[in-house]
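Beneath this line is the structure, given in structure tokens, with notes to follow.
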Amino acid sequence: MHFSTSVLVVVFGFSLALALEFSELPQQQELLLQRQQQQQLLQLLLRIRSERHYDTILLYGRAPCVFHAVLPLLQLPTVLLSRGSSHRDWEFSTELLLLCCGVNAEQEQNSRTSWKLQTARRLIYVETRLQPQRLCEDYFERELYNVALLDAEFATSGSFYSCRSFQKPSYAQLQILDSLPIYVEQFRDMQGAILRSEADQLAPRSMLYRDAKSGKIRMIGYVANVVNTFVERVNATLQLRDDYELGKITYYGDIEKLTQQNLLDVAATLGSTMTADNWEYISYPYIITSYCVMVPVPAALPYKSIYTVVVEPLVLGILVLLFFIFSLLLIYSQRLTWRDFSFASVLLNDRSLRGLLGQSFPWPEHATRHVKAICCLMCFSSIMTTTMYQAYLQSLFTHPPPEASIRSLQEVPYSRYKVAMDRREATNLLKSRNLTLDDTKSGYILDDWNEFVHMRDTFNASFIYPVTELRWKTYAEQQRLFARPAFYYSDDICLHRMVMLSFPMRRSLPYRERFEEHMMHMQDFGMLESWMDHSFFDMVELGLTPLKDFSEPVTDEDILYLRDLTWVWLFYAIGHVLATILFAVECYRGRERGTATPMT
Ligand SMILES: *[C@@H]1O[C@H](CO)[C@@H](O)[C@H](O)[C@H]1NC(C)=O
């Protein structure tokens, strides 16, 4: 293991061996100087600690070096990296002070460790006489901003340097005894430094427009505004491309790639932490939302099939069962024996049939109490069934119920809809959930992100679209202008029930923390909500949302045609045919017997 030889970790206290080494130096005067230097250095380290606390020290460089002698006096956990790197992914505490014995002592090889150490405070000792201007600029070029420098002169004069970006000269000379801050907030005022951004133009989060006065391109939206206000806050200059095609949406993945290539600082778009494989390129989550689908509101059931909905087979079966039970009861209760029982008298019991259908029927002669009770029961159930059917039929004809809605992705292939998706998003998202969207059966995969968004924006009702809840809010607002809603947001079919969205940013962005802090301030002050509430108006103002009714036009909705009652007529006809046949059979059999039997 190569790192075990190069790393030597000393925790709490340092042996006095180093101190003894120094004491053996021959000349008395140099010894004194050493002592003085140690004292001053200790004072400096304590001053840094009182400015902002540190609880760990990381020391780059070989002994002997001025720092090694002072460390035992500080009594703090210390990591010694004598070769300048550990090749290892360290998790240091955020309260860290970095000491370097020489400008080139820090040779961190592990890119993740060096990324994490980017904003740590650095104190650098230079053997030779240092040139602060050049050194500070060197550090700024490496995007390290919290740097203080000292050289051998520190021992006698007590003066050292602290780098100051965006200032001229780019350093400040400080004295050990003065009270000026050593490490300052460098990005408080960026003096008009450029911040490169790009908007994806996906309304309403970031939209572009040309400013009428200056003719410059500006951006707006609840995502773009965070970048806008940050630029304003730190006195930077926002740089947008000049060759934007207004209204042309860029796929957010493409912008993410630009930030990963260091071509942008902070992008005015949102990337999902779900698909991000590296957290170094995205900010702290800005918004949490759900990512589900919007489904066309199911059409109303055609009038023609309403009757089939009303006549449920199960209910019909129960009614037939009731009919048989009443027939049996009537037969038995008349004489309290089964002597009159025959299949024909049960299956074709005329009293029970008429009674259940709410028709009048001859009351049995010399009715006993049992018969009366059963007839009462029959009357009661006939009132129930006839009123129930009538009520259903009439109310459903007035307000036809909607067709069954889709409840899961598995149901999509059996519906008349397909899920429209961008190919890149489909591969990204579905893969992360182990779903497959069959290209032909249930999915409609588009290669052009713009086309996908256009289809969604125009409420093309042949498809189901994935949409974030945030975006859905503006669609819902837009739908209020329609004659009736065209889509609804389905909580049942979700790609992600909770998705965290963050700003894509450059890996070594030195003001990452400051940006995140600003972002969270905007949330805390309720700016995010205010921007979101306003987003629909912004979209209308910029002409991104046409005030047009995309819902399906209402066609002859309130007219009932004769053909809509087909099933009712059919049942009616079948009943009549049956009755006629029975009548014919009875007539025929009556004549055959030659006796006139009174018909009941
Ligand atoms: C902002 O930056 C400009 C340089 O672009 C500078 O002149 C100005 O003083 C700065 N404003 C503030 C408030 O510091």
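The values are calculated or read from the model by the stated rules, or taken from the named source; none is laboratory data. All values reported here derive from a predicted model rather than from experimental measurement. When we count neighbours, we look across all protein chains shown, and the Cβ atoms used for this are built from the backbone with ideal geometry, even at glycine. For the accessible areas, the whole protein counts, side chains as well, though only heavy atoms, and no ligand, DNA or RNA atoms are used. Shrake-Rupley method; radii C 1.70, N 1.55, O 1.52, S 1.80 Å.
Condition check: open to solvent by 20 Å² or more (accessible area, probe 1.4 Å), polar (S, T, N, Q) and within 43 Å of the chain's Cα centre (by Cα). Does residue 109 satisfy that?
yes
Just one of 385, 368 is over 30 Å from residue 488 (Cβ atoms), of a type in the set (Val, Ile, Thr) and modelled with pLDDT of 85 or more; which is it?
Answer to the check: 385.
Out of 228, 235, report the one residue that is open to solvent by 30 Å² or more (accessible area, probe 1.4 Å), within 16 Å of the ligand (Cβ to nearest atom) and in a loop (DSSP other than H, G, I, E, B).
235
With respect to residue 430, determine if the residue is modelled with pLDDT under 90, part of a strand (DSSP E or B) and under 19 Å from the mean Cα position of the chain (by Cα).
When the stated conditions are applied, residue 430 does not pass them.
Taking residue 250, is it over 20 Å from residue 507 (Cα atoms) and in a helix (DSSP H, G or I)?
For residue 250, the condition - over 20 Å from residue 507 (Cα atoms) and in a helix (DSSP H, G or I) - is not met.
Restricting attention to region 515-546, report how many residues are closer than 23 Å to residue 480 by Cβ, surrounded by fewer than 16 Cβ atoms within 10 Å (Cβ to Cβ) and in contact (Cβ under 8 Å) with a residue 24 or more places away in the chain.
0
I'd like to check something: does region 506-529 contain any residue that is touching a strand residue (DSSP E or B) at 6+ places or on another chain (Cβ under 6 Å) and closer than 30 Å to residue 427 by Cα?
no
Anything in region 547-587 that is open to solvent by 100 Å² or more (accessible area, probe 1.4 Å), farther than 30 Å from residue 309 by Cα and in a loop (DSSP other than H, G, I, E, B)? List them, or say none.
If the condition is that a residue be open to solvent by 100 Å² or more (accessible area, probe 1.4 Å), farther than 30 Å from residue 309 by Cα and in a loop (DSSP other than H, G, I, E, B), then 547, 548 are the ones that fit.
In region 157-207, which residue that is open to solvent by 20 Å² or more (accessible area, probe 1.4 Å) and assigned to a strand (DSSP E or B) is farthest from the ligand (Cβ to nearest atom)?
175
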